[in-house]
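Quick notes on the structure that follows.
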Number of protein chains: 2
Amino acid sequence: MRYAADHIVSALKTAREKKGISQRELSAKAGVPQAQISRFENGDVDIRLSSLVSLGRALDLEIELVPRQAIAAVESIVRAITRSERAIQTTRTSNDVAKLVRTLKAVRSPDISSLAIEKTLSHLRVLERFQPTTEQLEAVKRFNDTLAKTKRLDLDPEVFAKHAKAIELIRTQVAYTAPPVSLPEPAYALDDEEDDDA
Amino acid sequence: MRYAADHIVSALKTAREKKGISQRELSAKAGVPQAQISRFENGDVDIRLSSLVSLGRALDLEIELVPRQAIAAVESIVRAITRSERAIQTTRTSNDVAKLVRTLKAVRSPDISSLAIEKTLSHLRVLERFQPTTEQLEAVKRFNDTLAKTKRLDLDPEVFAKHAKAIELIRTQVAYTAPPVSLPEPAYALDDEEDDDA
DNA sequence: CCATGCGATATCGAATAAGACATCAAGTAA
DNA sequence: TTACTTGATGTCTTATTCGATATCGCATGG
C-alpha cells in the first residue's frame, strides 16, 4: 500500500540506519515487533500514530506539526543538527572501519606503495578513536565497496588515491571537529600485526 | 483510549479552531468523516498516519520528525510563526468581533460612560477592516467572555477599562502591522444604527 | 561448511480504526 | 418559537493494523 506519508516513513528508516541499529534492536527499544517495523519501513502498512510515536521516541525523534510557512526553516534546522550528529558507535558502524582496515592490509598490488597503504591505515586508526559522523562513515563504506568490486586484483592506483585522499580529509576533519573524548570501549582492536601510534 | 500522542492531537485541534473552521468543514477538506475527527480530537481513537497527514494538510500543517536535540529550536520557530499568523477571515472569526460590537451596544450602565463605549466601538471598526492575528482575536474573545459572564448587569468599570485598553492596543498594533488591504468581502456589516468612520 | 545476524514474508487471531450513516443536546441567530 | 450549526455519540459493517511466531534467503565471518 502506498499512502501519502513517504517522507515520514523514509525519515524514520534512515534515522534507524544512521544510528546503526537493526530492526530487531529497534523493536526491543520501541516495543514494536520487528515484522511490523519491516512492513512499516516498506510502506506496507498505514501505521497508527501510537506506533509511530513509539518508534520515534526510540530513535530520539519527536513528531511535530509544522505550519507550512515554517517548514523550510524547520527543515534547515533539522538538517543542520542531523548532519553534525555523531554516528552512534556500534559494532556495526565500527565494523565499517574495521573492515576497511582488514581489506587494506590484504592489498598486495605492485601499483600501490605499501607506504600509501600505511598512511591510510594510520588515518583509520584516528577514525577509530573518534566518532565519525554518518556522512563521513559513508566515505569509508564507499571505499569498502570499491575494494570489494575490484576484488583487490586490478586496483586502479588513481581510484585508490582518490579514496585515500577522502579518508585523509576525513581524518583531518575528525581531529578538528570531533569531541576529544576517546571511545568508552573500542569495539574492536586494530593491533594484530602492528602497533605504532599515529 | 489514551495513547502517548496528546500534543499532536491537541495541536491539530487548536489549529483547526484557530482557523475557525468546523469539524464538518475540515471533514470536507480532508476527506475524513466528521465523526472520526470528533473521536480523534477527543483521543478516542489511535489515528492512522494517512488520516493524520490528510487532516494536517487540510490545515496547512506538515508532520515532521524532529531530533530531540532540535525540538526546542523548532518549537520556538513554530511558535513565532503561529503567533503572528493572521486569522483566516471566516464567518466564525469575524463573528467574534461582531458579537462584541453587539454586546457593547447593549451595555447600559451608569458606571460606564457611553463615550468609552463609543471609543471601543470605533476601535473594533478598525479591527473589522484589517485582519487581526489569532492572538489578537483572543483578546476579543476574552472581552466577550467577560461580558457574557457578568450578563451586562454589574459590569465592573475597572474590568471594562482593562479590556477596553487591550482592544485599543490591538487597534494600534493592527493599524501599524497589518497589511493595508481591506477584506475581500466583509462577512458582516457594522452599520445598523451608526455610520461614522474612525 | 557452519553459525550468526540481517531484513523480508507468511500465517493466524484478536483488536480496532474507518466509513457511512443517524441522532442528539447545546448554543445561536432570525 | 423555529431554524440552523456544531461537536459528540451510537450503531452497524468492513477493512486493516497489530502482535506473536516462525521461517526464508542472503550476506558475512570463523
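The values are calculated or read from the model by the stated rules, or taken from the named source; none is laboratory data. Just so it is clear, the model here is predicted, and its values are computed rather than measured. Cβ atoms come from the backbone with ideal geometry, glycine included; neighbour counts cover every protein chain shown.
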Could you list, in sequence order, all residues of segment A:47-69 that are within 14 Å of DNA strand C (Cβ to nearest atom), at the interface with chain B (Cβ under 7 Å from one of its Cβ atoms) and in a helix (DSSP H, G or I)? A:Leu49, A:Ser50, A:Leu52, A:Val53
Has segment A:25-46 got at least one residue that is in contact with a Lys or Arg (Cβ under 9 Å, 6 or more places away or on another chain), assigned to a helix (DSSP H, G or I) and modelled with pLDDT under 85? no
Among the candidates A:Ile21, A:Ile37, which residue alone is touching a residue at least 60 places away in the same chain (Cβ under 8 Å) and either under 23 Å from B:Ser10 (Cβ atoms) or crowded, with 20+ Cβ neighbours inside 10 Å (or both)? A:Ile21
Considering only segment B:4-18, state which residues are under 14 Å from B:Ser51 (Cα atoms) and within 8 Å of another protein chain (Cβ to nearest Cβ). B:Ile8, B:Leu12
Based on what the data block shows, is A:Gly31 more than 7 Å from every other protein chain (Cβ to nearest Cβ) and within 10 Å of DNA strand D (Cβ to nearest atom)? yes
Top-ranked residue in segment A:70-97 [being in contact with a Ser or Thr (Cβ under 9 Å, 6 or more places away or on another chain) and modelled with pLDDT of 65 or more; ranked as nearest to B:Leu52 (Cα to Cα)]: A:Ala70
B:Arg142 vs. criteria at pLDDT 75 or above, away from every other protein chain (no Cβ under 14 Å) and under 13 Å from the mean Cα position of the chain (by Cα): yes
